Structures are given as structure tokens and as C-alpha cells.
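To keep things clear, I will list the structure first and then write my remarks on it.
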2 protein chains.
Amino acid sequence: MITATKMIRLLISAGFIAAMGFLLSHDLRALNDEAALAAVQNSRPVSPKPGYTENGALLRPEGYREWIYVGTAAVPNDLNPPKAPLHEFHPIYIHPSDFEHWKETGTFRDGTVIVAETVSVGPKKASSGNGYFMGEFVGLEVSTKDSERFKDEPGYWAYFSFGQTYPLAETAEKLPVAQCNTCHRGNAEDDFVFTQYYPVLRAAKKIVDRR
Amino acid sequence: MITATKMIRLLISAGFIAAMGFLLSHDLRALNDEAALAAVQNSRPVSPKPGYTENGALLRPEGYREWIYVGTAAVPNDLNPPKAPLHEFHPIYIHPSDFEHWKETGTFRDGTVIVAETVSVGPKKASSGNGYFMGEFVGLEVSTKDSERFKDEPGYWAYFSFGQTYPLAETAEKLPVAQCNTCHRGNAEDDFVFTQYYPVLRAAKKIVDRR
């Protein structure tokens, strides 16, 4: 038979266990809060890759200036009279998740998105010397590799232009193979990408090579 | 007097409350886990700003190629015979947290760190035309604004060079005012920073102007 004394002991024990359980889970939660906070302080948001319209046109990417920059070429009009064949400056960005994959494997995974923003040449002389200094944003181009969506394109790479004057188009249709893909296929060093001009990609790949 | 029946009721109530408390905190923890996971999926790690040695030398920054790229100038040797005064290509990066502050306020906050990586000119002709294409990384320079540590520098900006040939130095002493600061003060458009050549900074500041 249970006595009142035993009951009180049981009650105290139950309360203690319940309290410990609550404190333990509370502590875990606090630890989790700290981890979440640290993650926010030491990380930053990444914009998603662009989607497609129902008709298969690519939506203009957003936030790509906060992706990973890989290199820039200067192809000025005055060295290509009357006008540079493509554009003057073209800084190149890759989506951070694709860059992580590149760093790990040295390959461009399915779904890789690369952005070429085009910029006019501004001044040609500055306090640091004679040269080509960036002017204004003028255009936006995107290449993406997708073995399902672009299964008929060489290397599965498709190329899009949102225009070479502002305002840019909201969507872009895939360009004909001859317009971009053929040149990339013939001249780009690594899987249709001109890594020979993008030292950030080359250096990141070296990490793979050293493993 | 407490009867056994009352005691049992009390015990059941205590158990129920404890269980609810545990479940509630467990649910909150699960929600937190989801939030943390979402944060990781939509964000990426950011390397911290470089620290200083006990003697006040700046440690070489790491991971800056994943910071925010703001612009590049091409100042080729062949346009500045026999050699460009500073370097050929110099892509510029700003720490992501300082970029966030710039976007919000249009100012460079105390502690801002800007990196100028220097890159040689590689080929001068490619399938996209005549111009200057990036070669190899050759050097690394850093500027930082700190109203306490560099309270005697004009604008509180200090400048550091980790060398213009690899391997780079591990640490760098602050350069004399005349070597960098004077030119930045005289020619840079915005708080000692050459924003006139960095379209990413100008465009991000426009967001502030539109508010």
C-alpha cells in the first residue's frame, strides 16, 4: 500500500525529473539559438538561380552581383574599331552553390548558372595610370548547363542575352547555337567556360588538384 | 490531510504539465532547426575580416574572393611603359557586412575592409576581340577605415601591401600616408574610395538615393 510519505517522495521525484527535462531541452534550444545566430553573423543570404517562364524563357537573374566573381576581361571599342564584337568590360559571376561544387570537384555541375554582366569603358586615364576604367552597366548575359532542359545543345550549355542597353529585358529566349555556343565550344578551356581568363576559378580548382 | 487519491491526481497533473512543457520546448526546437537549415541553404559562409598582430601589423585576409566584388580596372604595362605605376588588373572586393552597411546608408562604416587583388595581363587577343585578359594573381593590397586604430591617418584610412609577387607576405605594416592615402584623398570620389570606377558600389548606393 502506498503511504502519503512515499507519495510525496514520488511527487518530488516526478517534479525533479520534469524540471530537468525542461531545463535540458531549454538548454539545447539556447545552444541552437546561438548556432543560428552565429550562422547569420558569419554568413550572408544568396539569391536563388533564375527560373523559367512556362514557355521556357529564362527569367532575368537577381542578386547576382553578390554571387562569386571569377574574372573580368577588358575588350575596349577603341581596340576593336568601330566597336567591340561583344562588349567592353565583362565581369563574370557564378552562383555560389555551383562555385562550391567547382571547388570540390573541378567540374561545372548540372544546373550551373554563370552571369556575364557587361560594363562600358569609362575614363581611360586615372591617378593609377593609363588604362580602361569601368563606366556604367550596359547589359546582361547568362549561360547555364542543364542536361534535361538543354539536352540538344552542345555540352548542354544554353546562352541568353537580356540586352546590351538598359532597361534590360525581363526574360530571354535561348540564343541559337551558332551565336554563342559554337565559340565557347571551340575556344573555352574548360567545359565551354573560358577558365583561361578567370583566375578565381583556376585558383579554386588548384585546391582540388592538390588533394 | 492529503489523501492517496488526491496525491495520485496531483502526480498525474504534474506529469501532464511536465510532458506538455517538454513537448512545447521540443516543438520550438524543431522549428528552430528548420529555420537554421533554411538559413544554411539560402546563405553561404563569409570569412571574417583580417586581424592584427600584437605589433599592429595586419594579417593577410583570407576568403576575400568570396566577398563582394565591386569593380576592376585594367592598367596594362604596355600603356604605361616601361611598367604600370601600381599594377595591371586590380579587382576590388569589400567585406559583405560592410557592403550591407553601404547599401543601407551609402557610407563606409568604421571597420570597413576593402581588398585590391592584383592580377597580371595575360593574353591580349581572344575570340571576343582585342583587349586585356586576366593572367595570374600577382599581389594583394588592403585598405581599412578605423577611427581608433588609425585615428591619425587622413579619413582614418590605412593602406597595406602584402606584396606584388607570390608568395605574399603573412603580415603587412601600415604604409606611409604619402604612398597611398594622399592619392586616394585627392582623387577618390567617395570617402577615399574610387567609387567612380566601381559600378557595383554606385548602383547599390542608388538604392539608398531612391528611398
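Annotations for the structure displayed:
- Filter result (assigned to a strand (DSSP E or B) and over 27 Å from A:Pro76 (Cα atoms)) within segment B:54-90: B:Leu58, B:Leu59
- Flag for B:Glu104 being more than 17 Å from A:Gly63 (Cα to Cα), of a type in the set (Asp, Glu) and more than 9 Å from chain A (Cβ to nearest Cβ): no
- Flag if B:Gly155 is in contact with a helix residue (DSSP H, G or I) (Cβ under 9 Å, 6 or more places away or on another chain), of a type outside the set (Phe, Trp, Tyr), open to solvent by less than 20 Å² (accessible area, probe 1.4 Å) and more than 13 Å from every other protein chain (Cβ to nearest Cβ): no
- In segment B:79-89, residue nearest to the chain's Cα centre (by Cα) [restricted to those that are open to solvent by less than 30 Å² (accessible area, probe 1.4 Å) and free of Cβ contacts under 8 Å to residues at least 40 places away in the same chain]: B:Ala84
- Considering the conditions (1) at pLDDT below 95; (2) farther than 30 Å from A:Arg185 by Cβ, B:Ala126 is excluded by exactly one of them, (2).
- Candidate set: segment A:185-198, residues that are under 19 Å from B:Asn130 (Cα atoms) and outside any loop (DSSP other than H, G, I, E, B); chosen: the one farthest from the chain's Cα centre (by Cα): A:Gly186
Table: residues versus (1) surrounded by fewer than 22 Cβ atoms within 10 Å (Cβ to Cβ); (2) of a type outside the set (Ser, Thr, Tyr).
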residue	(1), (2)
A:Lys49	yes, yes
A:Glu66	no, yes
A:Thr72	no, no
A:Asn77	yes, yes
A:Thr105	yes, no
A:Ser120	yes, no
A:Lys125	yes, yes
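- Here B:Asp98 meets the list (1) more than 10 Å from chain A (Cβ to nearest Cβ); (2) part of a helix (DSSP H, G or I); (3) at pLDDT below 95 almost entirely, failing just condition (3).
- Annotation note: Cβ proximity below 8 Å between a residue of segment B:145-170 that is at positive phi and in the same structural domain as B:Val113 (by TED's automatic domain parsing) and a residue that is among the acidic types (Asp, Glu) and modelled with pLDDT of 95 or more (sequence gap 6+ or interchain) occurs for B:Tyr156/B:Asp110; B:Tyr156/B:Asp146.
- Residues satisfying the stated conditions in segment B:177-195, i.e. open to solvent by 70 Å² or more (accessible area, probe 1.4 Å) and in contact with a Pro (Cβ under 8 Å, 6 or more places away or on another chain): B:Arg185
- Residues of segment B:58-95 that are within 9 Å of another protein chain (Cβ to nearest Cβ) and hydroxyl-bearing (Ser, Thr, Tyr): B:Tyr69, B:Thr72, B:Tyr93.
- When residues in segment B:127-136 are screened for being open to solvent by less than 30 Å² (accessible area, probe 1.4 Å) and at the interface with chain A (Cβ under 7 Å from one of its Cβ atoms), 6 of them pass.
- Of all residues in segment B:101-119, exactly one satisfies the criterion of being among the hydroxyl-bearing types (Ser, Thr, Tyr) and in a helix (DSSP H, G or I), namely B:Thr105.
The values are calculated or read from the model by the stated rules, or taken from the named source; none is laboratory data. As the structure is a computational prediction, the values presented were derived from the model and not from experiment. For neighbour counting, all protein chains shown are included, and Cβ atoms are generated from backbone atoms with ideal geometry for every residue, glycine included. Each accessible area value is taken on the protein alone, full model and side chains, heavy atoms only, with ligands, DNA and RNA left out. Shrake-Rupley method; radii C 1.70, N 1.55, O 1.52, S 1.80 Å.
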